[in-house]
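**Q** First the structure, which I've put down as structure tokens, then a few questions once you've had a look.
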């Protein structure tokens, strides 16, 4: 378990820093209908869809911690929300070990929706109320759909980041 | 591969660690603050490199896609500047008169704190935080809690300070609240005429803020000199007429609502004096030893008054003066709550 948790950190941290920087510099300044597209969350759900629920949870935890530490939210809020998002996207591997791209994108969309919805919920539970509003009906679909669209591009990065190799099917010899 | 037990362990570990960190950070932890500082230091060169790489591409894209919009906006801004030149002259004249009055009455200016200019270098990366990052920090004398303004009014307050940069929580954040006052005079009819009253059935106010009403009567004196009139000069003394100008000050708690929504000014009781609060009235900081900003920083104008059923007080919506989506330059007021003016 130790290797499973520690080994990906070597790749997770630098990739996470670059993703976080892109989020802060580009995506934060170009909202779509006043909603900021979440690259870091998209990367988390792509890692979950590519590597399974446990790897998705770890990617969410680490990248969420980075986001928390660089922002103003209490440490652990985004980590918990992104962890849940990665976990949800990773449920795909309960159904198939080698998912098609559209199935991965679908689960990434669901994972991103869960992750983005979990942020105001966790914030409210920790005493930072006022974020659960009707605005969520716009914010969550935009973030989730864009994460699903980015999934095919980000899944190879997510797989590499978590040290997952794609399965290669071989024909059985008689 | 991993067994189901180790998977469950991983998930449980992630959840428990998150809860532990949230608990530690909510109560304030110097180790976590240091970790944040280290990450901010690490992230700064990465941000600079990302900005250097993406900025030329961004400009090319803007050049292609937004040229017409920029030209239109430029023209609109030129028209706006022409329009505001007249207002500027009027405002300067009012400020001069105000300073003269303070001097004559031997009063200190209500807002006389030094400021540190700053540049906004980053927006909030998430959809559930209204913050901006500015390029001044503890080395410039910035401290947590200091108010931040721009040319138009109050912008927010400092929530985290690093050596070379700081985070500012904007006034529209639901976690932000500041004591504010509405200044209106009895003869002020407001800008947009009668108040639009929108009843909300069954809505209750859970606010614990207090309401203070102060009525000040300012004598307005006009003096007629005998020499002003044409005709034969007589030895009559100057004729002085005094009329009373009633200024009502309403104090409440101004709270953000998140996103681009206007702020809410909460009053507990709907007293008769609230009738003097009108759409278009100016709202500024109330100050006080427990206030997070000194008295007299403009915040915004009242844009809507929502009456509520039952004993609940009216909700007053205030739109900030400052354009919080397009902040470039701001000023940090070197004021710490509980201090007396310099």
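**Q** Going by the conditions given, is residue A:127 without any contact (Cβ under 8 Å) to a residue 12 or more places away in the chain and over 17 Å from residue A:165 (Cα atoms)?
**A** yes
**Q** Among A:112, A:47, which is over 28 Å from residue B:38 (Cα atoms) and more than 10 Å from every other protein chain (Cβ to nearest Cβ)?
**A** A:112
**Q** Here's another thing I want to ask about it. Would you tally the residues in the range A:53-102 being at the interface with chain B (Cβ under 7 Å from one of its Cβ atoms) and outside any helix (DSSP H, G or I)?
**A** Total meeting the criteria: 6.
**Q** I'd like to know if the range A:19-29 contains one or more residues that are assigned to a loop (DSSP other than H, G, I, E, B), within 20 Å of residue A:136 (Cα to Cα) and free of Cβ contacts under 8 Å to residues at least 12 places away in the same chain. Spell out how you get there, then give the answer.
**A** We begin by selecting, within the range A:19-29, every residue assigned to a loop (DSSP other than H, G, I, E, B); these are A:26.
Filter once more, so that each one left must be within 20 Å of residue A:136 (Cα to Cα): none.
There is no residue in the range A:19-29 that is assigned to a loop (DSSP other than H, G, I, E, B), within 20 Å of residue A:136 (Cα to Cα) and free of Cβ contacts under 8 Å to residues at least 12 places away in the same chain.
**Q** Which one of these does residue B:172 not meet: (1) under 24 Å from the mean Cα position of the chain (by Cα); (2) modelled with pLDDT of 50 or more; (3) over 22 Å from residue B:280 (Cα atoms)?
**A** Every condition holds for residue B:172 apart from (3).
The values are calculated or read from the model by the stated rules, or taken from the named source; none is laboratory data. Fair warning: this is a prediction, and the values are worked out from it, not measured in the lab. With ideal geometry, Cβ positions are generated from the backbone for all residues, glycine too; neighbour counts draw on all protein chains shown.
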